[in-house]
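Chemist: Below are the structure tokens for one structure; questions will follow.
The values are calculated or read from the model by the stated rules, or taken from the named source; none is laboratory data. Bear in mind that the values here come from a model prediction, so they are computed numbers and not experimental data. Here the Cβ positions follow ideal geometry from the backbone for every residue, glycine too, while neighbour counts run over all protein chains shown. Accessible surface areas use protein heavy atoms only, side chains included; no ligands, DNA or RNA. Shrake-Rupley method; radii C 1.70, N 1.55, O 1.52, S 1.80 Å.
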Amino acid sequence: MLRRRLFVSLLLLSALLFTFVMAGPRAGLLMAIGIGFGLVLEGLRFGFAGPWRLIVVERDGRGLLAQFVAIGLVASVAFPLLAAHGGELSAAHAPVGLGMILGAFVFGAAMQLVMGCGSGTLINAGSGNLVGLIALVGFIGGSFAGSLHLGWWTGLASLPVISVQGVLGAETGLYATLVGLAALGALVIWRAAPGKRLPPARLWWAAVLIAALALANLIVAGQPWGIVYGLGLWGAKIAQAGGADLAASGFWANPGNAERLGASILTDVTSLTNIGLLLGAFAVMRFRAEPGAPAQALTTRSYALVLLAGLVLGYSARMAFGCNVGAFFSGISTGSLHGWVWLAAAFVGSTLGLKLRPVILRPAAQPKGAFA
Amino acid sequence: MTLATLPRQIVGISAIALIGAILALDLARVGAPDLFSAPPALALGSGQAPTGAHCTAQ
């Protein structure tokens, strides 16, 4: 086992060194931050989709409360930083619109079908879950497809970008955000069953570490933690390699996005943290004495539906200006109204997804003679 | 061993291989980044406007 752990540590170090040498110190630091996210999310089992399911199905609010704690911690530092260094750091602000709300709703449903959100899909794939790997392939394709139609969706009824800083100012906006998170936390505690209200030490640590990594992401990259943009970029690059001409696409013709398309993935912020996240999850799985049994086998039809749900997950995340990370976590923690609306719409969608899950994900029949 | 009963190690390595293939394809098409135009290690304190793209990009 020592040899295996040594090999995995060398793999992580090689990835860091490769990124540092190829793309410079910022890229190396972002890869390290991504690996940190992977180690914490998988190692301390801090998730997004799982706690949303648990509060509904088992009245277990511990994971959801830990999410609010992490977001509150990030907001407490990010708001002053953004106010003082607005020229160097940017927030995750996006407009609230019909397409955005629909996207968040559909994303919430799809994430319960593939049993993982944006970060969860990468974590599941890296930690050896076949459903996660299949969903990741779909997610890459879906977020690219969503980018091609984003202009149409944003052309539907949409408000301008609204932030709490813009409405209330940085200081009052921060207090309003913290009060909002505390109110949601109180609602979760009230709703949860006795014994399932307050997070265990593991989740407190995870919330603090995730917040620290998210702030490091902001300080190093100049922008908050995100997932979806990188996956869509990978899809665009694969499409280009296949002969697609993206010059006619409104999204990819935008100067900022065109620059990313023409530059190496190793210079793209969200791609770097995504790769690190997957590697970190893989490392945790290999560090464990027992990596765990394969995920439950499903029928072929169910795997096909997981691929389709992954596509929908990526497409809807693009419509919604982010997933649980870019919109919910980073949106709320940097003051975007769309983060709050995303939370409400995705939570309703998630509840629907829970009802669809047993219909869509059907276990494969046990072979004769197999142990149950 | 069927697709559905692949050990976790194999699935995890496949995920890394997928990322590796995308990286290799990208390096072959656009080449390696120009180290001389690499940004400072930290955006905070750099005096430069953020240039990265985020999920909230339009």
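Chemist: Can you tell me the equivalent ellipsoid semi-axes for segment A:221-283? Use √(5λ) from the Cα gyration tensor, largest first, whole Å. Provide the component values of the computation, followed by the final result.
Modeler: Working: eigenvalues 104, 39, 15 Å².
Taking √(5λ) for each Cα gyration eigenvalue gives 23, 14, 9 Å.
Chemist: Heavy atoms only, probe 1.4 Å: what % of the accessible area of segment A:2-360 goes to carbon and sulfur, would you let me know? All intermediate terms of the calculation are to be shown ahead of the outcome.
Modeler: Values: 9230 of 12810 Å².
Carbon with sulfur: 72 percent of the solvent-accessible area.
Chemist: Assuming R0 = 25 Å, what is the FRET efficiency of A:Leu156 and A:Arg45, from their Cβ-Cβ distance, to the nearest 0.05?
Modeler: Using R0 = 25 Å, I get an efficiency of 0.05.
Chemist: Are there residues in segment B:3-23 whose accessible area shrinks by at least 30 Å² when all protein chains are included rather than the chain by itself, and which are they (probe 1.4 Å, ligands and nucleic acids not counted)?
Modeler: Output list: B:Leu3, B:Ala4, B:Arg8, B:Gln9, B:Val11, B:Gly12, B:Ala15, B:Ile16, B:Leu18, B:Ile19, B:Ile22, B:Leu23.
Chemist: Apply 1/(1 + (r/R0)^6) to the Cβ-Cβ distance of B:Ser14 and A:Ala248, taking R0 = 35 Å, and write down the FRET efficiency to the nearest 0.05.
Modeler: 0.55
Chemist: Fully extended, how many nm does the chain gain between A:Ala193 and A:Thr299 (0.36 nm per residue separation, minus their Cα-Cα distance)?
Modeler: Values: separation 106, 0.36 × 106 = 38.16 nm, distance 3.44 nm.
Between A:Ala193 and A:Thr299, full extension yields 34.7 nm more.
Chemist: Here's something else I'd like to know. So what does the Cα-only Debye profile of segment A:127-225 read at q = 0.11, 0.14, 0.20, 0.25 Å⁻¹, as log10 I(q)/I(0), no solvent term?
Modeler: Cα-only, vacuum Debye calculation for segment A:127-225: -0.69, -1.11, -1.18, -1.14.
Chemist: Largest first and in whole Å, give the semi-axes of segment A:237-372's equivalent ellipsoid, each being the square root of 5 times a Cα gyration tensor eigenvalue. Intermediate values should be presented prior to the final figure.
Modeler: On the way: eigenvalues 215, 93, 72 Å².
The answer is 33, 22, 19 Å, longest axis first.
Chemist: For chain A, set up a GNM with springs between Cα atoms under 10 Å and report which of A:Gly235, A:Gly276, A:Gly87 has the largest fluctuation.
Modeler: Greatest mean-square fluctuation among the candidates belongs to A:Gly87.
Chemist: Also, quick follow-up: Mind checking how much accessible area B and A bury in total, 1.4 Å probe, in Å² rounded to 100? Can you show the working numbers first?
Modeler: Values: alone 5740 and 16310 Å², together 17240 Å².
About 4800 Å² of accessible surface is lost on pairing.
Chemist: So, one more: Per residue, how large is the accessible surface of the protein assembly as shown? Use a 1.4 angstrom probe and give square angstrom.
Modeler: Values: 17240 Å² over 430 residues.
Accessible surface, normalised per residue, equals 40 Å².
Chemist: Ok, one more. Which value, to two decimals, describes the C-alpha radius of gyration of segment A:2-360 once divided by 2.2 N^0.38 Å? Spell out each step's value before the answer.
Modeler: Working: Rg = 19.2 Å, N = 359, 2.2 N^0.38 = 20.6 Å.
Here the Cα radius of gyration is 0.93 times the empirical estimate.
Chemist: Would you mind calculating the relative contact order of segment A:285-372 from Cα pairs under 8 angstrom and at least 6 residues apart, reporting the percent as a whole number? Before the final figure, lay out the partial values.
Modeler: On the way: 42 pairs, mean separation 33.3, N = 88.
38 percent.
Chemist: Roughly how many Å is it from the Cα centre of segment A:1-43 to that of segment A:294-320, as a whole number?
Modeler: About 28 Å separates the Cα centre of segment A:1-43 from the one of segment A:294-320.
Chemist: Just grab the label-to-label distance for A:Phe20 and A:Leu2, each label 7 Å out from Cα along the Cβ direction, in nm (one decimal).
Modeler: For A:Phe20 paired with A:Leu2, the spin-label model returns 2.6 nm.
Chemist: So what is the relative contact order of chain A, in percent, for Cα pairs below 8 Å that sit 6 or more residues apart? Present the calculation step by step, with values, prior to reporting the outcome.
Modeler: Numbers: 698 pairs, mean separation 138.9, N = 372.
Computed value for chain A: 37 percent relative contact order.
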